[in-house]
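What follows is one structure encoded as structure tokens, with my remarks underneath.
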Amino acid sequence: MILDFFGISIDSLRVAGGVLLFTVAFDMMLAKVSRESITEKEIDKSMDRSDIWIFPIALPLLTGPGAITTVIVLMGSASSILQNIAVLFAILLTFAITMVLFRFSRRIYKFLGYTGMLVFTRLMGLLLAAMAVNFISQGLWNIYVSFQ
């Protein structure tokens, strides 16, 4: 309803969300912490803790604009109630898995080490970038077809 009120199509949101997701994915592939997700003061405080590494990376991806756009696009693209339920189930599953990962983050970090975490972050960034490119290309194609 909000998109209709502002006259925004799902495809426009798909392109914008894809660009946003790609910027986050690009930062992940370079193993950089996004400046929008954490302040300098928080970075300074995190240097004193050994288990803070997961939070700056995970929280903006779970509840930030990219995640919100992704959910809106997926719910808008769903053609049946079953697909809507699948999206909701995926959201709940993502948060459940994240809770387990947060709970065992120290053990995971000890197992993978710093280098392993960088590799994992870059791989996840690559997958996120592929998803972003898919959003952008599908959105641009649908916009192009709608003007024909």
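The values are calculated or read from the model by the stated rules, or taken from the named source; none is laboratory data. Remember, it's a predicted structure, so these values are computed and weren't measured experimentally. All Cβ positions, even for glycine, are placed from backbone atoms using ideal geometry, and neighbour counts span all protein chains on display.
Couple of notes before you dig in:
- Screening segment 67-102 for residues that are polar (S, T, N, Q) and exposed (fewer than 10 other Cβ atoms within 10 Å of the Cβ) and picking the one that is nearest to Leu20 (Cα to Cα) gives Ser79.
- In segment 17-36, the condition of being more than 17 Å from Phe135 (Cβ to Cβ), more than 21 Å from the chain's Cα centre (by Cα) and either in a loop (DSSP other than H, G, I, E, B) or at pLDDT below 85 (or both) is met by no residue.
- Here the helices (runs of 4 or more DSSP H) wholly within segment 42-148 that include at least 2 residues being at pLDDT below 85 and among the small types (Gly, Ala, Ser) are 65-77.
- Residue pairs whose Cβ atoms lie under 9 Å apart, separated by 6 or more positions or on different chains, with the first residue in segment 85-96 and closer than 14 Å to Val73 by Cα and the second of a type in the set (A, V, I, L, M) and outside any helix (DSSP H, G or I), are Ala86/Ala78; Val87/Ala78.
- Some residue of segment 103-123 being surrounded by 12 or more Cβ atoms within 10 Å (Cβ to Cβ), in contact (Cβ under 8 Å) with a residue 60 or more places away in the chain and under 23 Å from Gly17 (Cα atoms): yes
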